[in-house]
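K.L.:
The structure follows.
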Amino acid sequence: MDELTINDIKIERAEFVSRLMIDADLSERDLKIGLCLLHEILLRSMNTQKANAESEC
């Protein structure tokens, strides 16, 4: 991904979080962004747990 695309994604995420914090109505696009964020967080969490488990062995 180029830098412009990465920055656009970061802006969309920030706008989504902002709307969540002010309890604004969410569009279908907002829900998709939220689901993508949740998926990314869960994957990172799983990878971290897996790495921790492997390092303990």
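The values are calculated or read from the model by the stated rules, or taken from the named source; none is laboratory data. Bear in mind that the values here come from a model prediction, so they are computed numbers and not experimental data. A quick note on method: Cβ atoms are made from the backbone with ideal geometry, for glycine too, and the neighbour counts reach across all protein chains shown. All accessible areas refer to the heavy atoms of the entire protein, side chains included, with ligands and DNA or RNA removed. Shrake-Rupley method; radii C 1.70, N 1.55, O 1.52, S 1.80 Å.
K.L.:
Give me a comma-separated list of calculated 3J(HN,Hα) values for segment 23-32, in order, Karplus coefficients 6.51, -1.76, 1.60 applied at θ = phi - 60°, integers in Hz, x for any Gly or Pro.
P.N.:
3J(HN,Hα) across segment 23-32, in whole Hz: 6, 7, 5, 9, 7, 4, 5, 4, 5, 5.
K.L.:
What does the charge count near Arg19 come to, summing +1 for each Lys or Arg and -1 for each Asp or Glu among other residues with Cβ under 14 Å from its Cβ? Can you show the working numbers first?
P.N.:
Details: positive: Arg13, Arg29, Lys32; negative: Glu12, Glu15, Asp23, Asp25, Glu28, Asp30.
That works out to -3.
K.L.:
Right, something else. Across segment 10-22, in residue order, what do the Karplus-derived ³J(HN,Hα) couplings come to in whole Hz, using 6.51 cos²θ - 1.76 cosθ + 1.60 with θ = phi - 60° and x for Gly and Pro?
P.N.:
Per-residue couplings from phi come out as 4, 5, 4, 5, 5, 5, 4, 4, 4, 5, 5, 5, 9 Hz.
K.L.:
Okay, moving on. Using a Gaussian network model on the chain with a 10 Å cutoff between Cα atoms, which of Ile22, Ile11, Ile33 fluctuates the most?
P.N.:
Residue with maximal mean-square fluctuation among Ile22, Ile11, Ile33: Ile22.
K.L.:
Hey, what's the chain come to in accessible area per residue, 1.4 Å probe, Å²?
P.N.:
Each residue of the chain exposes 89 Å² on average to a 1.4 Å probe.
K.L.:
Given (1) 1.13; (2) 1.19; (3) 1.48 as candidate values of Cα Rg over 2.2 N^0.38 Å, which corresponds to the one derived from the coordinates?
P.N.:
(3)
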